[in-house]
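A.B. asks: One structure follows; several queries about it will come next.
The values are calculated or read from the model by the stated rules, or taken from the named source; none is laboratory data. In this text the structure is predicted, and so the values were computed from the model without any measurement. Note that each Cβ is placed from the backbone with ideal geometry, even for glycine, and that neighbours are counted across all protein chains shown.
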Amino acid sequence: MIEIKPKKQLEILKRGTVEIISEEELLAKLEKSYQNQVPLKIKQGFDPTAPDLHIGHCVSLRKLKQFQELGHQVIFLIGDFTGMIGDPTDRDSMRKRLTREEVQKNAETYKKQIFKVLDPQKTVIDFNSRWSSKLTPEEILNLTSHYTVARMIERDDFSNRFKDGKPISILEFLYPLFQGYDSVALKADVELGGTDQKFNLIVSRTIQKEYSQEPEVLMLMPLLEGTDGVQKMSKSLDNYIGITEPPNEIYGKTMSISDEMIYKYFELATEAPEARLKEIKKILASDDTNPMELKKELAWLLVRTYHSQEEADKAQAYFKEVFQKGEMPENMKEISYPKGEKVWIIKILSDGDLVSSNSEARQLIKSGAVKIENEKILDENAEIPINEKTMIKVGKRRFLTVVPSTD
């Protein structure tokens, strides 16, 4: 049941968007949907090239949630087929192709994470291999005939590489075409994507027209800068806040953002109402403002969103105890091993939930982020003797006590 009138829907949906192509078309679709009580099909594609979602991804996921709350159908499209091609966006060289096994593994991880934001009862999860892998050579030839090389070369990524004499594979040209065909297969009414996806999304509109469909409306979402306040949030740049990270990590990372990013994070990464956003803008403009108090509010909101209110309260208390007072946490997690044993450092980090994987543990050790009794451990093969109570610290926010068992 679609209860909210079209103009009010449009007002809600415009918040936080950079560009709508076009607003008039979106209003027309919303009016038709409201009159006929037929939900719009809202699509966003995710290529499973990395298995973890961060709050930068959730900018558009939260927009999808708004569509759900307004009564529309959301399709979370996992690009298991296009993921094997590789999105050339922002690439100055050819992207390494993923194997089907890598793509499927990452896709399963995505499926477990998106419901921290989306309503599982109102979300359709689909895979573009369902139709793309079944296209015949004749159908692929027909698809490629609907776009020209000249139009492809207009794309900055390709034109810059062409000028620099760097290779561009024919395979990369296929990526936006297959992404456009996704919209044809799904008969999508609206597609979401970051501003960096504008070229790909415009191709989708063109392809739909070529297949005699009404072109989808594009909603371009802003790219959220990472904790460095400069570059787009990315795990590879280590400036991300992962939605599955421990509460203390989410809270601590949020507290590290620059003062200039506070408002943008509130606007794009939380559900703070418009009235509160206006208050925050006014507070930040005042010379008497202490930005730390707003950061605490922001950090608390993010932990509550991706964990719970109880965990948010605990993370806030932990931060105050450890960082503001400069003390060790009182309720540090404790694990035990038989006295006299030697235990592999990576096993300890894993058993103590200080890392999400052995590969993360190795990376942290190599970077010098792991300390035992304030001494860096740089050998990933190190074995730690269990003779007495030992404190392990990972980065600035993760602590663990290892004790010999009394058995």
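To keep it simple, each residue is scored yes or no on (1) among the small types (G, A, S); (2) modelled with pLDDT of 90 or more; (3) under 30 Å from Y110 (Cβ atoms).
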{"position": "D126", "(1), (2), (3)": "no, yes, yes"}
{"position": "S132", "(1), (2), (3)": "yes, yes, yes"}
{"position": "L135", "(1), (2), (3)": "no, yes, yes"}
{"position": "E139", "(1), (2), (3)": "no, yes, yes"}
{"position": "N142", "(1), (2), (3)": "no, yes, no"}
{"position": "T148", "(1), (2), (3)": "no, no, no"}
{"position": "R151", "(1), (2), (3)": "no, no, no"}
{"position": "D156", "(1), (2), (3)": "no, no, yes"}
{"position": "D164", "(1), (2), (3)": "no, no, no"}
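A.B. asks: Do you know which residues across the stretch 18-44 are surrounded by 16 or more Cβ atoms within 10 Å (Cβ to Cβ), hydrophobic (A, V, I, L, M, F, W, C) and over 25 Å from the mean Cα position of the chain (by Cα)? Steps first, please.
C.D. replies: Of the stretch 18-44, the ones surrounded by 16 or more Cβ atoms within 10 Å (Cβ to Cβ) are 20-21, 25-27, 29-30, 33-34, 39-44.
Next cut, hydrophobic (A, V, I, L, M, F, W, C) only: 20-21, 26-27, 30, 40, 42.
Within the stretch 18-44, L26, L27, L30 meet the criteria.
A.B. asks: From the list D80, D47, D52, which residue is assigned by TED's automatic domain parsing to the domain that holds R100, of a type outside the set (G, A, S), surrounded by fewer than 18 Cβ atoms within 10 Å (Cβ to Cβ) and closer than 30 Å to N106 by Cβ?
C.D. replies: That would be D52, the only listed residue that is assigned by TED's automatic domain parsing to the domain that holds R100, of a type outside the set (G, A, S), surrounded by fewer than 18 Cβ atoms within 10 Å (Cβ to Cβ) and closer than 30 Å to N106 by Cβ.
A.B. asks: Within the stretch 23-35, is there a residue that is within 30 Å of S234 (Cβ to Cβ) and touching a strand residue (DSSP E or B) at 6+ places or on another chain (Cβ under 8 Å)?
C.D. replies: yes
A.B. asks: When you check L40 against the structure, is it in contact with a His (Cβ under 8 Å, 6 or more places away or on another chain) and of a type in the set (A, V, I, L, M), yes or no? Give the derivation first.
C.D. replies: Details: in contact with a His (Cβ under 8 Å, 6 or more places away or on another chain): yes; of a type in the set (A, V, I, L, M): yes.
It is true that L40 is in contact with a His (Cβ under 8 Å, 6 or more places away or on another chain) and of a type in the set (A, V, I, L, M).
A.B. asks: For the stretch 369-393, what are the residues that are free of Cβ contacts under 8 Å to residues at least 12 places away in the same chain and under 18 Å from G340 (Cα atoms)?
C.D. replies: None; the set is empty.
A.B. asks: Which pairs turn up if I take residues in the stretch 335-350 that are free of Cβ contacts under 8 Å to residues at least 12 places away in the same chain and look for partners that are in a helix (DSSP H, G or I) with beta carbon separation below 8 Å, at least 6 apart in sequence or on another chain?
C.D. replies: Close Cβ pairs (under 8 Å, with a partner that is in a helix (DSSP H, G or I)) amount to S350/N358; S350/A361.
A.B. asks: Follow-up. Inspect the stretch 305-312 for any residue being touching a Phe, Trp or Tyr at 6+ places or on another chain (Cβ under 8 Å) and outside the structural domain of R15 (by TED's automatic domain parsing) and give the result as yes or no.
C.D. replies: yes
A.B. asks: Here is a check on your reading of the model: is Y265 part of a helix (DSSP H, G or I), surrounded by 19 or more Cβ atoms within 10 Å (Cβ to Cβ) and modelled with pLDDT under 90?
C.D. replies: On the way: part of a helix (DSSP H, G or I): yes; surrounded by 19 or more Cβ atoms within 10 Å (Cβ to Cβ): yes; modelled with pLDDT under 90: no.
It is false that Y265 is part of a helix (DSSP H, G or I), surrounded by 19 or more Cβ atoms within 10 Å (Cβ to Cβ) and modelled with pLDDT under 90.
A.B. asks: If we keep just the residues of the stretch 170-197 that are within 28 Å of L268 (Cα to Cα) and without any contact (Cβ under 8 Å) to a residue 60 or more places away in the chain, which is surrounded by the fewest Cβ atoms within 10 Å (Cβ to Cβ)?
C.D. replies: Per the stated criteria, the residue is G180.
A.B. asks: Same structure, new question: Restricting to the stretch 234-270, what's the tally of residues that are out of contact with any helix residue (DSSP H, G or I) (no Cβ under 7 Å at 6 or more places or on another chain) and closer than 30 Å to S356 by Cα?
C.D. replies: 16
A.B. asks: Scan the stretch 377-387 residue by residue and report those that are over 15 Å from L400 (Cβ atoms) and in contact with a strand residue (DSSP E or B) (Cβ under 7 Å, 6 or more places away or on another chain).
C.D. replies: E383, P385, N387
A.B. asks: Quick check on my filter: what residues within the stretch 284-303 are touching a helix residue (DSSP H, G or I) at 6+ places or on another chain (Cβ under 8 Å) and either modelled with pLDDT of 90 or more or closer than 20 Å to D228 by Cα (or both)?
C.D. replies: L284, P291, M292, L294, K295, K296, L298, A299, W300, L301, L302, V303
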